[in-house]
Amino acid sequence: MTIRKVCVLGGTGFVGRHLCCELSRRKLQIRVLTRRRERNRDLIVIPSLELMETDVHSVADLSVQTKGCDAVVNLIGILNERRGPGQDFASVHGELPAKIAEACRYNRIGRLLHMSALGATSDAPSKYLEYKAEGENAVHRWGDQGLNVTSFRPSVLFGSDDDFFNRFATLLAMSPVVFPLACPNARMSPAYVEDVARVFADSLERKSTYGQRYDLCGPKQYTLRELVEYTARETGIEARILPLGDMLSRLQARVLEWAPGKPFSRDNYLSLQVDGVCENNGFAEFGIHPTSIECIVPSYIGHEGKMDVYREFRRAAGR
């Protein structure tokens, strides 16, 4: 199967932007579907990329927009539910993947790459992981009808524009003396977004990946506390990390899910009860030695990087 044109859903997000750049470097044509074209016009500067506004939850619209493509990549996901149509886990993670697969079969598109999540199972404790599993299983069932599906299940992702290290750097700057941390013993193996983008691109024409599900992890395992302490060191914030027990972690989740931006929720708490580490790291299948956080993270949150969060926060506060 020769891939020339790829339709990317979720191409305006963190992983999507890196993947689009990777596909462009490989001289592929890219069609990105978005609900709000004007908000993402900066993507148009990527060579061979067209940005199309559409309702991704409509099978009819998906069928129109995926026509003429050789492959489809689904990266759409949300970390927290919000009010409004199409903003809940059931719609985004459970139902949408099946709609995308249906549109692929309608247009006789034979290749679909799907972003799932590490720890996604039907009996997972959180709705996020439960519905991720539902969507993953839904697209793989279309394999019996000629749609070659590959799904990827990464641990937490990092990169210069991530929402993990950058978020903790900002939160630490807001609480530079004592930082109460929920679920401090949760384990994860952060994976570099550029490595993940390479795996997606490499798998497009690789027949050995058809029907496979790959867990993707970085080279090391950490507790959440270790990662937050690392962030504090890199930003120069001398905050004392105060690990919270289970009861206080639940209480923090109840409180913060009502805060602006919902920085932490009860469903996030439940997701953290599942370790984000790999037994079999899928990067090996692609000959990729995963990049460590120590090689990348200091460049964007460290003293010598492009952002010294603590200093900027204190300047903004007039201190």
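General remarks:
- Net charge dipole size for the range 5-154 [Lys, Arg +1 and Asp, Glu -1 on Cβ; Debye, nearest 20]: 540
- Relative packing of 266-276, 172-182, which averages over residues the other C-beta atoms within 10 Å, highest first: 266-276, 172-182
- As computed over the range 39-160, the Cα convex hull volume per residue (Å³): 127
- Judged by a Cβ-Cβ distance under 4.7 Å, the unpaired cysteines of the chain are Cys20, Cys21, Cys104, Cys183, Cys295.
- Once backbone amide H atoms are built at 1.01 Å from N, Leu242 has Phe179, Leu181 as its partners under 5 Å, excluding neighbours fewer than 5 places away on the same chain.
- Remark: the Cα gyration tensor places the range 125-258 in the prolate category, a/c being 1.5 or greater and a/b exceeding b/c.
- Most fluctuating residue given options Ile46, Ile30, Ile100, as computed from a GNM of the chain linking Cα atoms under 10 Å: Ile46
- Per-selection Kirkwood Rh - the range 89-159 (Cα, Å, 1 d.p.): 12.3
- Residue (of Leu216, Cys7, Pro125) at the positive-pole extreme of the chain, dipole from beta-carbon charges: Cys7
- Mean separation of Cα pairs under 8 Å and 6 or more residues apart, divided by the residue count, gives the chain a relative contact order of 17 percent.
- Projecting the Cα atoms of His18, Phe164, Leu272 onto the charge dipole of the chain (Cβ charges, centred on the Cα centre) puts His18 farthest toward the positive pole.
- Förster-model FRET efficiency, 30 Å R0, Met247 and Glu279, C-beta, rounded to 0.05: 0.45
- Across every pair of non-identical alpha carbons in the chain, the mean reciprocal distance, once inverted, gives a Kirkwood radius of 20.4 Å.
- Only Cα pairs under 8 Å and 6+ residues apart enter the sum, and on that basis the relative contact order of the range 5-154 stands at 20 percent.
- Taking Cα centre as origin and charging only the Cβ of basic (Lys, Arg, +1) and acidic (Asp, Glu, -1) residues, the dipole magnitude of the chain rounds to 680 debye.
- Helix 96-106 vs. the chain, principal-axis angle (Cα, 0 to 90°, nearest 10): 20
- Placing +1 on the Cβ of every Lys and Arg and -1 on the Cβ of every Asp and Glu, with no other charges, gives the range 209-296 a dipole of roughly 340 debye about its Cα centre.
- Based on Cα contacts under 8 Å between residues 6+ apart, the range 222-291 shows a relative contact order of 16 percent.
- Translational D in µm²/s for the range 17-109 (Stokes-Einstein at 20 °C, 1.002 mPa s, Kirkwood Rh from C-alpha pairs): 152
Read-outs: derived from the displayed coordinates by stated rules, not from any lab. Just so it is clear, the model here is predicted, and its values are computed rather than measured. FYI the Cβ positions are ideal-geometry reconstructions off the backbone, even for glycines, and counts take in every protein chain you see.
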